[in-house]
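Student: The structure is given below, and queries will be raised subsequently.
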Amino acid sequence: MRRAAIAVAIGCGIAGAAAFLAAAYFARQVVVPKRQRREDLQIRRVFHDADETLMVELPATARTTAPGRYSIWFSSGTGHACIGEIVSSDDAAGTVTRLVERVDSGDLKTATAGIWSGYVYPTPHPLGLPYSDVEIPVENGMAPAWKFTPTQASGGSTTWAIHIHGLGGSKAGALRGVPVADRLGYTSLVVSLRNDRDAPASADGRYHLGQSEWHDVEAAVKYVVGQGARQIVLFGWSLGASIALQLAATSEFRHHISRLVLNAPVIDWRSTLVANAVSSKLPRQVAGLGLKILGSSGTRWITGLDAPLSFHTLDFLARADELSVPILVIHNDGDRSTPFAISREFVTRRPELATLLTFASAEHTQEWNSDPDGWDAAVENWLRNDPPSSAPVSL
């Protein structure tokens, strides 16, 4: 019996240690920036059809057969091509052929692999809109941004749109909202923020899930107010939506913020991270331990964070009553990264403020990509009309 008890104790100790190591790994994966992605998309063939239109042949997957506009990054991120409609598919060969709308950089014809992406605009140039480079003073230096002067406004615009990208992304990811803002006569500012490789890094070089990053965007809000902005519309993508919510609830400039457009928003980081862990086959208990590691000052030696994360502060399901501006939530139930149920619950809690716009199932933050014209029209219509409707709208 004694030997059995010892064996059980040792087994429990080993299991506990394994769970702790798994939780520690999970916690670090959440906050340590990833600098490179693997080019895991095979490019089978690039060719011209009979009309000399450039085409690309790819393995047929859920991503590559989705309708809409996307892009391929290739040559270690130095090449970029905009990919359009499906031209044909070969079920026997398991391939799909799509139109190549543009090649912005690199030689796609020589590429054999790439990364499928929603970043249709790698820089402002393909938009064809007037813009300038500006710098926003932030905590550790100057954060570069793109300022777009509206083509539809005369005499200057007092309404500005600030476009905020997601976790692990760059400001190019937020360019998709600029054309709508331009048609409405808004001046747009597309911002960078700490640890995104454009803005100055934080002291600890770690993601804080919006807990500190929102200060960089508040600096952008202060900048546009100084430039004459009287009303500010925040376009937030994923993490950018978390930041927009934080600004609307907390910023000293929040009275200038008139509307929020939130695409695939992370509204509650605790629930989102647990859902991601479970979908990756990590036990819920291990994910819960990982959150405790992220939220504890005593385990900063594991995460490298200079301050623990406050998941209550990052939970806008719990803080929904702190908000007072109209909010458009754009999401779809096929998002495997940010649970759609949280967006739906958020809108249910504040129906007098929030409108839910749903699209056919798409990858995370690719609602625009799945239907660019539909996304643009719906967002433009919502921004032109007040008050917002609380009834869900499906596209």
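The values are calculated or read from the model by the stated rules, or taken from the named source; none is laboratory data. Bear in mind that the values here come from a model prediction, so they are computed numbers and not experimental data. When we count neighbours, we look across all protein chains shown, and the Cβ atoms used for this are built from the backbone with ideal geometry, even at glycine.
Student: Kindly list the number of the only condition in (1) free of Cβ contacts under 8 Å to residues at least 12 places away in the same chain; (2) under 21 Å from Arg336 (Cα atoms) that fails for Phe26.
Tutor: Phe26 satisfies every listed condition except (1).
Student: A further question on this structure: Name every residue in region 254-274 that is under 14 Å from Ser324 (Cβ atoms) and among the hydrophobic types (A, V, I, L, M, F, W, C), in order of residue number.
Tutor: Ile257, Leu260
Student: State which residue is surrounded by the most Cβ atoms within 10 Å (Cβ to Cβ) when the search covers only region 26-41 and only residues that are in a helix (DSSP H, G or I) and of a type in the set (A, V, I, L, M).
Tutor: Result: Ala27.
Student: Can you name the condition, by its number, that Asp91 falls short on among (1) farther than 26 Å from Thr365 by Cβ; (2) modelled with pLDDT of 95 or more; (3) not hydrophobic (A, V, I, L, M, F, W, C)?
Tutor: (2)
Student: Still on this structure, please answer the following. Here are Gly166, Gly210: which of them is of a type in the set (Gly, Ala, Ser), modelled with pLDDT of 95 or more and out of contact with any His (no Cβ under 9 Å at 6 or more places or on another chain)?
Tutor: Only one candidate passes the filter, namely Gly210.
Student: Here's another thing I want to ask about it. Name the residue that is surrounded by the fewest Cβ atoms within 10 Å (Cβ to Cβ), counting only residues in region 63-109 that are assigned to a loop (DSSP other than H, G, I, E, B) and of a type in the set (Val, Ile, Thr).
Tutor: Taking the candidates together, the pick is Thr78.
Student: Related question: Specify which of the listed residues (Gly236, Gly240) is small (Gly, Ala, Ser), outside any helix (DSSP H, G or I), on the phi < 0 side of the Ramachandran plot and buried (at least 19 other Cβ atoms within 10 Å of the Cβ).
Tutor: Values: Gly240 fails: outside any helix (DSSP H, G or I).
Matching residue, one of Gly236, Gly240: Gly236.
Student: Trp214 is checked against (1) surrounded by fewer than 21 Cβ atoms within 10 Å (Cβ to Cβ); (2) in the same structural domain as Gln366 (by TED's automatic domain parsing) and fails just one. What number does that condition carry?
Tutor: (1)
Student: A follow-up question, please. Can you name every residue in region 181-201 that is within 20 Å of Arg384 (Cα to Cα), surrounded by fewer than 24 Cβ atoms within 10 Å (Cβ to Cβ) and out of contact with any Ser or Thr (no Cβ under 7 Å at 6 or more places or on another chain)?
Tutor: The answer is Arg183, Leu184.
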